[in-house]
Every structure is written in C-alpha cells, then in structure tokens.
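The values are calculated or read from the model by the stated rules, or taken from the named source; none is laboratory data. This is a predicted model, so every value here is computed, not measured. Note that each Cβ is placed from the backbone with ideal geometry, even for glycine, and that neighbours are counted across all protein chains shown. Each accessible area value is taken on the protein alone, full model and side chains, heavy atoms only, with ligands, DNA and RNA left out. Shrake-Rupley method; radii C 1.70, N 1.55, O 1.52, S 1.80 Å.
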Amino acid sequence: MPTQVVSNEEFIPRPQNTQQKQVEQLIGEMADKNSKLLGMDRRRFMASSMGLATCFLASNKVYGNYWDVDEAEAFEPDATAEKFPKSEYFIIDVQAHFTNGMALQFRKDEFMKNMGFNLNNDVEAYSFQNFVKEMFFDSETSVVVISGVPTLEKQRDAEGKVLEGRARSNGILPSWLMSQSKKRINDLSGSTRALCQGNLAPNHYWNKTTNSMDKQATREQMEREVKVYGINSWKWYCHADPGRSGGGFQLDDDMAAWFYEESRKLGMRTISVHKGFSYQSRTLGHLANPKDVEKAALNNPDFNFIVYHSALKHGPNEPEYKDPANYDATGGDFAWHNILMDIKKRNPKMTNVYPEIGSFFGVLAIADPVMCQHGIGKNIKYYGADHVIWGTDCLWWGSPQWVIDAFKRFQITDDMCEKHGYKKISKEDKAKIFGLNAAKLYKLDVNEKRKALPADALEKLKIAYSDQGGMRDNAAYGWVRADD
C-alpha cells in the first residue's frame, strides 16, 4: 500500500505529509516485529495478506479506525481469507494501461513533456508482459478494459496504400495495439478477459486549409476502429490535440455532435472521457472540466458517458491540496468533482453518466481516509451505487490489488452518514461498483463469465504461478517528488 501519492503520469504528485510519514514509519516497525515473530523474511511477509493488513492497521493508528481490519489478519492469512474471500467479487477494471515500450521513451513523449517532467523511462515496468502479470496473476481482476491515450494513426503511405499495425502509429498505446493485445489475452485465456478502447476523437484528423474537421478521414478511422479493431468504447481527452488543430474540443460542441451521429450509425454508444487531471496540456487543460458532460448526456440519452477519475481536478496548487480553493473540508467538496455532482443534482432523472474512480479512490485513500469517504460518499449519494464504475489506472500504481483490498475494507462512518447524508456501503453495492455496473455497460454476462473461469487458461496459469511461489513486486511504477 503506497504511503504517499504517486504520480499516474497525469499530475504532479503531492508531497508526503506528516501523517503519511507516520504511517510509513509504523508499517516498517510493525513489519519488522511481526515478521520476526512469525520467522518470516520481511519482504515475503509484506507481500502477503498479512503485510497488507499491517498497512491498514498502521493507517488506523494514525488516522483513526477507518479501515475494516483485525489484528489477527497481521498474523494469520486465513483470517483475511475468511473475512474477504477472493471469489466474492467479480472485478472489471475499466481503466488499465500498459505502454508500447518496444520503441518508445514514454516519459519523453510530447504528451508528457507538456507537464514539465524530466524523467527516466522504465520500459519493463509498463510492458505488456508485466501488464498481464500485475493485472491477472497478482490481483483479483477478472476483466480489463485496455485504456489508451490520445494517438493519431497514419492511414496511408505516400503511395496511398493503407497502413497496418506499427506503421500506423508508434505512440504510447495506439488503438491498433490495444486491439491486438485484447486478442492476445482472449486467445490465450479462451474467454473474454480483455476489452479495448478506441483513441479516435473529433479533433484527431484536421483539415489545415479549412481549419475544420477532416470528416472523411475521421469517418474512415471510426469504421476501422469499430469494425476492424473491435473496440468496446471510445476514449476521449478533450484537452489533447494529436491532430495539431490548435485546440481541443468539448463533449457538447458541434464536432462532438457530428461524431455522436456517425458513431450511432456504427452502433458504438459508449464514451469514456478523461475529466479532471489536466496537466498534459498547459493551454487546453481547462477543457478537462466536466461542465460539458451535462448537455452532451441530455442531448444523447442513448449514449453512456463514463467520466474517468470522477473529474477530480488535482489542480495546479497540489502542495496546498486542502486549500479551500481545491477542497472544502466542511462540506467535503473537491474542485471539478463538485461540478460533476451538481450536474446530477440538477438532473436527477439523468441516468447515462457514470463516475469512474481510477486514481480517485486510491489517491484519496492515501491522502486522507476522511477525504476518501467524502469522494465515494458523494458519488454514491448523487449518482447511486449502480452508476459508480471501478477502475484503478494501473499499471501506473503497479498491481491493483492493494486498491482492491482497500475498497473491500472501505466503509463510511456513522458520523459521516448522519452529517452529510451518505449511505453505508453494502456488499451488494461493492459488487455493483467492482464489476456488475461495468458488465451491464459492456454487455458481459457475469454468471457465464464466472462459470467459465475455472476452465480459463489464464486462470490455470495464475494458479501455477502462485503454486510456484509467484508474488507481487509491491512496486508503484509512477514517481514521487525528489524532495520527499
């Protein structure tokens, strides 16, 4: 369990605060003591369920009794297995990433340079092979949605021949590679364990002469991504400009309206949109504000809009992230997230918007358990447990298992419920959030998927991996501030 906020490559991370340092110190002390009592190597102890329980116990000692964890769990794996059985939830992670690491210096990409970073690259950490290990072998995740970043695919060579594969794009995670990787995972497993997104957005193909959308090229790419790549949703970044148009776009503008109509003809009606976290563009970051969700959702009731990060701004003054401009401690409102909540308050009958919690729940859980309760509490209060979508933003966080365990143990206190009108989160609610909600959106039969898992080749490989001593690396692949 991280003891400070790690960048997911989309924001400058907060510095480690005093309480997080206390948690980190306590984890070290408790791990040394407990591992010696059990006669275990410290690393193996920390990689076990006992080590993770130790992290939550340490957090409770510092912040208060917020995480559901028993002392016995730090000494008995069976105590955790009995309390939180691994087969209890069907988990679909709708925001999972790896990178096209074979020929790419990810952190030197222009999309990342815009955030002002100067970082070394770690190709292996973000590789497809490590993605399969971390997401499937080292976590309880059953299905992943491979989620990309804005990438423009070149359609033809100089002679007009249609390009294929890597010749189309060597970007961070282009649509062709997500599609190819989805097929590799599903062919290996013998069942549907991976879905994929399409990176195409309204401003990707641009006519510089008319300074407008190149609709012909856009329509061609739409058909390719839906019919050839077999994408399961679009992934949009309104504040990105891969087509060099000079601007971004909004969910409710004329370009998006045209795209919806063309997408409707192709039968694709799911838009996953990045909102919040806007550091990738120094000039267009304001377009990551979720205010445009309202009109788009109301005007297109047959579309579903999955709002990534629940629109948490994680704004430019992150060292002062508890400043009233970013977080209202009294009401528990976060910048930009409150705009997403207000949209639902104004439109209680609107049912096609879904807050996603990748790099939202995990970030707030590390920052402060009370902040975390406000964030999830408001999502459920206004949108309902049947509209909150599970995602982790891994591999940036390494294995998603610690986030999964944290959500299993997560609860809203009686005091917070009474004071702010939040609801206790039942196991049924958690089942919906972990996977049932996404299964409905992506039209997956969960009962059939559960029946198929025992015979699934990927599941058999996972069992063999565990039997042979495989264990999580317990590494977060993002980065922290040098002054920490």
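Here are the numbers for this structure:
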item: Some residue of segment 281-290 being assigned to a strand (DSSP E or B) and touching a Leu at 6+ places or on another chain (Cβ under 7 Å); result: no
item: Segment 205-222 - residue that is outside any helix (DSSP H, G or I) and among the charged types (D, E, K, R) and, of those, least open to solvent (accessible area, probe 1.4 Å); result: D214
item: Criterion (touching a residue at least 12 places away in the same chain (Cβ under 8 Å) and either open to solvent by 10 Å² or more (accessible area, probe 1.4 Å) or in a loop (DSSP other than H, G, I, E, B) (or both)) met by exactly one of G391, G435; result: G391
item: Unmet criterion (only one of (1) part of a helix (DSSP H, G or I); (2) closer than 28 Å to A439 by Cα; (3) charged (D, E, K, R); (4) open to solvent by 10 Å² or more (accessible area, probe 1.4 Å)) for E225; result: (4)
item: M40 being in contact (Cβ under 8 Å) with a residue 40 or more places away in the chain and either in a helix (DSSP H, G or I) or open to solvent by 40 Å² or more (accessible area, probe 1.4 Å) (or both); result: no
item: Segment 220-247 residues that are hydroxyl-bearing (S, T, Y), paired with ones that are open to solvent by 40 Å² or more (accessible area, probe 1.4 Å) (beta carbon under 8 Å, 6 or more apart); result: S245/W206; S245/N211
item: When residues of segment 127-168 are limited to those that are crowded, with 20+ Cβ neighbours inside 10 Å and of a type in the set (A, V, I, L, M), the one nearest to E220 (Cα to Cα); result: L152
item: Members of segment 43-69 that are within 24 Å of G470 (Cα to Cα), open to solvent by 20 Å² or more (accessible area, probe 1.4 Å) and not hydrophobic (A, V, I, L, M, F, W, C); result: R43, R44, S48, S49
item: Subset of segment 241-278 [within 14 Å of G198 (Cβ to Cβ), in a loop (DSSP other than H, G, I, E, B) and touching a Leu at 6+ places or on another chain (Cβ under 8 Å)]; result: P242
item: Qualifying positions in segment 232-284 - modelled with pLDDT under 95 and open to solvent by 40 Å² or more (accessible area, probe 1.4 Å); result: R244, G246, Y279, R282, T283
item: One residue from G171, G190 being open to solvent by 20 Å² or more (accessible area, probe 1.4 Å) and either more than 23 Å from R472 (Cα to Cα) or of a type in the set (S, T, N, Q) (or both); result: G190
item: Count of residues meeting criterion [open to solvent by 10 Å² or more (accessible area, probe 1.4 Å) and in a helix (DSSP H, G or I)] in segment 367-382; result: 5
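Yes or no, residue by residue, for (1) part of a loop (DSSP other than H, G, I, E, B); (2) acidic (D, E); (3) within 22 Å of the chain's Cα centre (by Cα):
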site	(1), (2), (3)
L52	no, no, yes
V69	yes, no, no
A81	no, no, no
P85	yes, no, no
Q95	no, no, yes
